[in-house]
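The values are calculated or read from the model by the stated rules, or taken from the named source; none is laboratory data. The model shown is predicted, which means the values in this text are computed figures rather than measured ones. As a convention, Cβ positions derive from the backbone with ideal geometry for all residues, glycine included, and neighbour counts pool all protein chains shown. Keep in mind that these areas ignore ligands, DNA and RNA; they rest on the heavy atoms of the full protein, side chains included. Shrake-Rupley method; radii C 1.70, N 1.55, O 1.52, S 1.80 Å.
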Amino acid sequence: MRSVIDIVDLTAAEIDGLIATAEDIIANPAKYSEKCRGKKLATLFFEPSTRTRLSFEAAMYELGGNVLGFASADSSSATKGETVPDTVRVVGCYADIIAMRHPKEGAPLAASMYSPVPIINAGDGGHSHPTQTLADLLTIKREKGRLSDLTVGFCGDLKFGRTVHSLVKALLRYEGIKLVFISPDELRVPDYIRDELESAGADWLETASLEQAMPELDILYMTRVQKERFFNEADYIRLKDSYILTADKMALGKSDMCVLHPLPRVNEIPMEIDEDSRACYFKQVKNGKYMRMALILKLLEVE
Ligand code: CP
């Protein structure tokens, strides 16, 4: 039995395999419609979500399986003091696989130590979000035709943005990747990610200027400033609109640049940008469902 808590729990070859499966699902959905008949996925979301929870649920339904779970800690016995280990030991009696989101970093890892069924980390605090990274990688592969030889800019809240941390770790395993981190000083990537960049010998730089970075980017990964992770509302208000991707800024980018965003967005990408052919964030949402289907099949060892 295997859980996925961090993106590096999957080898690069396994990620290539998941991408191949997802592309086959896209091409031949009927072939997969009964693969998980009789199986159940539990979605245990102790923190809000739209995309991740619903795409996991849609993924399991499209595989012919069933879904149970809760969408907030308030509607679970966590409010009565039940621990994460006890919760997953109980839910493991009802379901074959669990997708868990939790505000505390490390909670899905703790769950995986006690669960009788595989745990998938669906986002833990400001730490990591491996299945969002699977969605991001499939989108990059489909839009650019490759996962190597790319200059990738990450813009916004790089301190608390768990999707950034996971995607950086994944990209470090591919050749010819240059990473450009665009953020205010207070929201720079955390030290543990810098340590990973250094030990991997990565080609990376930091800047506060989106305008300066824009012309060299193949991928622009925009992020929301994570209000829920701030201790001080005044700091959030001061930083929340640090980067707004206006049409003027888009004009500085390559004609084949690809704009990603894990969503939800707040102000950082105005709706007018959605009409730009380089805006790929809604394709990214759909790709997330296919990669989660591929991951469920893999962890349930369905042929
Ligand atoms: N990208 C993402 O994790 O979105 P949700 O918070 O809506 O799941």
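Odds and ends about this structure:
- Pair list, Cβ under 6 Å, 6 or more apart: the range 38-61 residue hydroxyl-bearing (Ser, Thr, Tyr), other residue open to solvent by less than 30 Å² (accessible area, probe 1.4 Å) and within 8 Å of the ligand (Cβ to nearest atom): SER49/ARG101; THR52/ALA122; SER55/GLY288
- Options LEU239, LEU297, LEU263; residue that is over 18 Å from THR131 (Cα atoms) and buried (at least 16 other Cβ atoms within 10 Å of the Cβ): LEU239
- Comparison of SER148, SER209 shows that the only residue that is more than 24 Å from GLU268 (Cα to Cα) and at pLDDT 95 or above is SER148.
- In the range 136-149, the residues that are among the small types (Gly, Ala, Ser) reach residues that are open to solvent by 30 Å² or more (accessible area, probe 1.4 Å) with C-beta atoms within less than 8 angstrom, at least six apart or across chains, in these pairs: SER148/TYR174; SER148/GLU175; SER148/GLY176.
- Of all residues in the range 14-69 being among the aromatic types (Phe, Trp, Tyr) and out of contact with any Pro (no Cβ under 8 Å at 6 or more places or on another chain), the one that is farthest from the ligand (Cβ to nearest atom): TYR32
- Among the criteria (1) more than 16 Å from the ligand (Cβ to nearest atom); (2) at pLDDT 95 or above, the one LYS289 does not fulfil is (1).
- Yes/no for ASP256 being open to solvent by 70 Å² or more (accessible area, probe 1.4 Å) and either under 19 Å from HIS165 (Cα atoms) or at pLDDT 95 or above (or both): yes
- The range 266-277, subset acidic (Asp, Glu) and in contact with a strand residue (DSSP E or B) (Cβ under 8 Å, 6 or more places away or on another chain), residue most open to solvent (accessible area, probe 1.4 Å): ASP276
- Selection from the range 70-114 of residues that are among the polar types (S, T, N, Q) and surrounded by 15 or more Cβ atoms within 10 Å (Cβ to Cβ): SER76, THR87, SER112
- For the range 126-160, filtering for residues that are polar (S, T, N, Q), assigned to a strand (DSSP E or B) and surrounded by fewer than 20 Cβ atoms within 10 Å (Cβ to Cβ) leaves 1.
- The combined condition, being in contact with a Leu (Cβ under 8 Å, 6 or more places away or on another chain) and either in the same structural domain as GLN212 (by TED's automatic domain parsing) or open to solvent by less than 20 Å² (accessible area, probe 1.4 Å) (or both), is not fulfilled by VAL117.
- Pairs linking a residue in the range 163-186 that is assigned by TED's automatic domain parsing to the domain that holds ALA208 to a residue that is part of a strand (DSSP E or B) and open to solvent by 10 Å² or more (accessible area, probe 1.4 Å), with Cβ atoms under 6 Å and 6 or more positions apart or on different chains, are LEU171/ILE177; LYS178/THR151; LYS178/ASP203; LEU179/TRP204; VAL180/LEU205; PHE181/GLU206; ILE182/THR207.
- Within the range 71-90, being more than 18 Å from ARG292 (Cβ to Cβ) and among the hydrophobic types (A, V, I, L, M, F, W, C) holds for ALA73, ALA78, VAL84, VAL88, VAL90.
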